[in-house]
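Student: Pasting in a structure now, in structure tokens, and then I'll have a few things to ask.
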Amino acid sequence: MKVNIDDSSGNKFKDFFFFDKLFTPVFITFIYWLGLLLLSISGLLTIFGGFAAFQYSFLGGLKIIFYGLLIVVIGSIYLRITMELICVLFNINRNIEKLALKSTNVEESD
């Protein structure tokens, strides 16, 4: 199966249903920012819960506030690494397709 990477013929419907063009890289940035927003909201709600827990236990409230900070910091780092790994996988796929196309063109010219 010959895959044309730089095909700008406009046949998006065929590309979508036959997996000739990858669809996921378009949404990686959106998913990353949505994940950061959700992590921030989750961390803030946990921190506010820690302030509310002060009336029951001072150390328990401090622990919950610390967990809220960990959610934001560790979660953001984990999300970034995950999205970068996904990008690397798609770049590997793109480079393999280019190599396959190049080797097909070399074989056809021989």
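Student: Please identify which residues in segment 29-60 have an amide N closer than 16 Å to a label point set 7 Å out from the Cα of Met83, following the Cα→Cβ vector.
Tutor: 29-42
Student: With a 10 Å radius around each residue's Cβ, average the other Cβ atoms per peptide and rank 52-58, 66-72, highest first.
Tutor: Answer by packing, highest mean first, reads 66-72, 52-58.
Student: Taking every eigenvalue of the Cα gyration tensor of segment 48-106, multiplying by 5 and rooting it, what semi-axes result, largest first, whole Å?
Tutor: Over the Cα atoms of segment 48-106, the semi-axes work out to 51, 6, 4 Å.
Student: Within 10 Å, count the other beta carbons around each residue, average over each peptide in 27-33, 103-109, and list them highest first.
Tutor: The peptides rank, most packed first, as 27-33, 103-109.
All of the numbers you see were taken from the coordinates with simple rules; none came from a lab. None of the values given here were measured: they were computed from a predicted structure. Every residue, glycine as well, gets a Cβ built from its backbone with ideal geometry; the counts of neighbours run over all protein chains shown.
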